[in-house]
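A short write-up of the structure that comes next.
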Amino acid sequence: MPEPKYGLIATFATTAEIYHAAEAVRDAGYRNWDCITPMPVHGLDGAMGVRRSIVPRISLAGGITGFCTGMSMIFYMNGFDYRLTVGGKPFFSPLYAFPVSYELTILFTAFATIGGMFFLNGLTKLYHPVLKYENIRRGMDDLFFLVIEASDPRFHAINTRALLEEIGGRDITELEA
Amino acid sequence: MAHAEPAVPAILADVKPAVLPRPALVENHRSFAWITEKICGIVEGKTPVWWWWCFAVACFIACFTVAGISYAVAVGIGVWGHRTPVNWGWPIVNFVFWIGIGHAGTLISAILCLLRQKWRTSINRAAEAMTIFAVVCAGIFPVFHVGRVWYAWFLFPLPNSNYIWPQFRSPLEWDVFAVSTYGTVSVLFWYVGMIPDLATLRDRFASVGKKFRARLYGFFAMGWRGSARGWSNYEMAYLILAGIATPLVLSVHTIVSFDFAVSLIPGWHTTIFPPYFVAGAIFSGFGMVLTLMLPLRAIYKLEDLITQYHIDCMCKITLATGSMVGYAYAMEFFIAWYSANPYEGFTFINRAFGPYAWAYWIMISCNVITPQLFWFKSVRRNTTLVWVLSLFVNLGMWFERFVIICTSLTRDFLPSSWGYFSPTVVDIFTFFGTFGVFSVLFLLFIRFLPVMAIAELKAVTPQADPHAGAGHS
């Protein structure tokens, strides 16, 4: 059998099947592999051994940037560049600057969160080898897939296929790169 | 990371509590494929005749706003009913009305997400769309209310020829940031929630060979494939968005209420305004969600997805927030008396028995009495009646803003400066037309975008649970 170029894909019919298959592949020590599911399956990331997402860190950075932007913008505009006397109050106070800074915190956090998610997921993705697999379209409908990449150090054309068969994978197919 | 099983108290073995079945969120044991087919079928099918009729009527109504605004811009805002002392009349009433309607969408998508209320999944997409379109309608009013709309950009901190920056002590300036952040974050939240469903539509169009539509939806789906590693980041991002949209929605209407509460006008200068405005906003928003979702459910036969349980939940939230609003009305009256401030006391007597008493009693009957009917199961089960009551909620909340703004401004401190506000035809046209603007946008949404969160709906079905009946330990 020739070495497949991208990897092997197997089909599963239910969430329980893909869940247990993911546990088995994780325990077999594979690293470069993924599941394709039409919706987030509860606990599947745990079954795959995927670590907690780092999106929150990016969000936090965005939030801090937003808050500092708000405070410094208002300080520059009302307290430094063109001082406005309003009711004899101090030119700058963090209290009156707070509401706008608060809104900017949220705005920047939202952009950072979404930008971070896009970046971590590699979106926008124009092409992916699994797209050549005809049935993959049902991966956003009602079927579940498990893909093990050939780049994985443990990948072996025969053994990996045997593993996928053993854990209940159907229609095991080689994917072109 | 495996999820730890919660510790089971030992007593449960002895008392054997009855297992109460949770209401099904998707009825009749529908499969994943059925859900996909049902929601995508709305977008993929031929445009129904009723849609064209509704669209034509909505476009016609929207023309009233275009006409009203064009005339006001061409001639000047003297064509409105504003006269001293009421310089904040009609447009600000409409602004607060529309922005309040939007809040239920964010409540459903964000706050109920954090509270793990899974019933939100079948209504959140449409409710978020409603939020965005309501913000669009709301935004029209303050922008044109500035008088010379071509200077509206002065609201933003951009360098201008006068070398003056905005004055950030003003709640009106806070409002600019609150509302524009709210609009932006609502769009982002809506869009991110829609990416997996757009990918579903892309794949379905591609499999039937409709290349153009597959590309169009594919462009916005950004190459989403349903990868589990992707879902992990996606779910985290969605949770964070819900987490930040919650304080956002509360802050937006708090800041809107500051527009009033920070002034010294009797009837406005009260600390109850922020919570009272937020409760009112959610109340009116749920009224609008019911107004929109019940016809949608009937037309597209979505009874398995928007079940009686969903309607019950929405009615109960309307009841809860309506009761809060009723409490706030009572408390305002009490504080007006308790404060011993003659102006404050007069304002409230004047609201209930003065020249705008008719508006006040419309407000009370729609907002305080109407929602109390939702205590009765028979009312909540009568879909037509619920829909009619939701219209009263919308009406009542518009009158609430009218009462707050107009009664306080028409009679403040000096009787010599008292007046009476009446809208002009231009005012009425402009407001009436916004219902058309809203409807045009909403009709386009139900025609071209998935009206329900397909992926999220699948996730709340029993078969989505990998541990259901599989004996997984």
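The values are calculated or read from the model by the stated rules, or taken from the named source; none is laboratory data. Note that the coordinates shown come from a computational prediction; the quantities given were computed from them, not determined experimentally. Cβ coordinates were reconstructed from backbone atoms using ideal geometry, including for glycine residues, and neighbour counts include every protein chain displayed.
At pLDDT 90 or above, under 30 Å from B:ILE311 (Cβ atoms) and more than 14 Å from chain A (Cβ to nearest Cβ): does that describe B:VAL75?
Against the criterion (at pLDDT 90 or above, under 30 Å from B:ILE311 (Cβ atoms) and more than 14 Å from chain A (Cβ to nearest Cβ)), B:VAL75 does not qualify.
Going by the structure shown, is A:ALA47 at pLDDT below 90, closer than 30 Å to B:LEU201 by Cβ, more than 9 Å from every other protein chain (Cβ to nearest Cβ) and not in a loop (DSSP other than H, G, I, E, B)?
No, not satisfied.
Would you check which residues across segment B:135-167 are free of Cβ contacts under 8 Å to residues at least 12 places away in the same chain, touching a Leu at 6+ places or on another chain (Cβ under 9 Å), within 11 Å of another protein chain (Cβ to nearest Cβ) and not polar (S, T, N, Q) and list them?
Matches in segment B:135-167: B:ILE164, B:TRP165.
Within segment A:58-72, is even one residue closer than 24 Å to A:LEU163 by Cα, at the interface with chain B (Cβ under 8 Å from one of its Cβ atoms) and either out of contact with any Phe, Trp or Tyr (no Cβ under 6 Å at 6 or more places or on another chain) or not in a helix (DSSP H, G or I) (or both)?
No, every residue in segment A:58-72 fails to be closer than 24 Å to A:LEU163 by Cα, at the interface with chain B (Cβ under 8 Å from one of its Cβ atoms) and either out of contact with any Phe, Trp or Tyr (no Cβ under 6 Å at 6 or more places or on another chain) or not in a helix (DSSP H, G or I) (or both).
Out of A:PHE111, A:PHE91, report the one residue that is hydrophobic (A, V, I, L, M, F, W, C) and in a helix (DSSP H, G or I).
Unique residue meeting the criteria: A:PHE111.
Here is a yes/no grid of residues against (1) crowded, with 19+ Cβ neighbours inside 10 Å; (2) away from chain A (no Cβ under 13 Å); (3) touching a residue at least 60 places away in the same chain (Cβ under 8 Å); (4) not basic (Lys, Arg):
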{"site": "B:THR246", "(1), (2), (3), (4)": "yes, no, yes, yes"}
{"site": "B:PHE258", "(1), (2), (3), (4)": "yes, no, yes, yes"}
{"site": "B:SER263", "(1), (2), (3), (4)": "no, yes, no, yes"}
{"site": "B:GLY287", "(1), (2), (3), (4)": "yes, yes, yes, yes"}
{"site": "B:TYR300", "(1), (2), (3), (4)": "yes, yes, yes, yes"}
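Within segment A:23-44, track down each residue that is outside any strand (DSSP E or B), at the interface with chain B (Cβ under 8 Å from one of its Cβ atoms) and at negative phi.
A:THR37, A:PRO38, A:MET39, A:PRO40, A:VAL41, A:HIS42, A:LEU44
Answer yes or no as to whether A:ARG83 is in contact with a Lys or Arg (Cβ under 9 Å, 6 or more places away or on another chain) and more than 7 Å from every other protein chain (Cβ to nearest Cβ).
no
So is A:ALA24 closer than 17 Å to A:GLY169 by Cβ, in contact (Cβ under 8 Å) with a residue 60 or more places away in the chain and surrounded by fewer than 16 Cβ atoms within 10 Å (Cβ to Cβ) or not?
no
When you go through B:ARG229, B:ARG169, B:ARG204, B:ARG215 one by one, which is the residue that is closer than 16 Å to B:PRO450 by Cβ and surrounded by fewer than 24 Cβ atoms within 10 Å (Cβ to Cβ)?
Residue meeting the stated conditions: B:ARG204.
Report those helices (runs of 4 or more DSSP H) wholly inside segment B:8-91 carrying at least 3 residues which are surrounded by 18 or more Cβ atoms within 10 Å (Cβ to Cβ).
Once the helices (runs of 4 or more DSSP H) in segment B:8-91 are filtered for at least 3 residues that are surrounded by 18 or more Cβ atoms within 10 Å (Cβ to Cβ), what remains is B:32-44, B:49-75.
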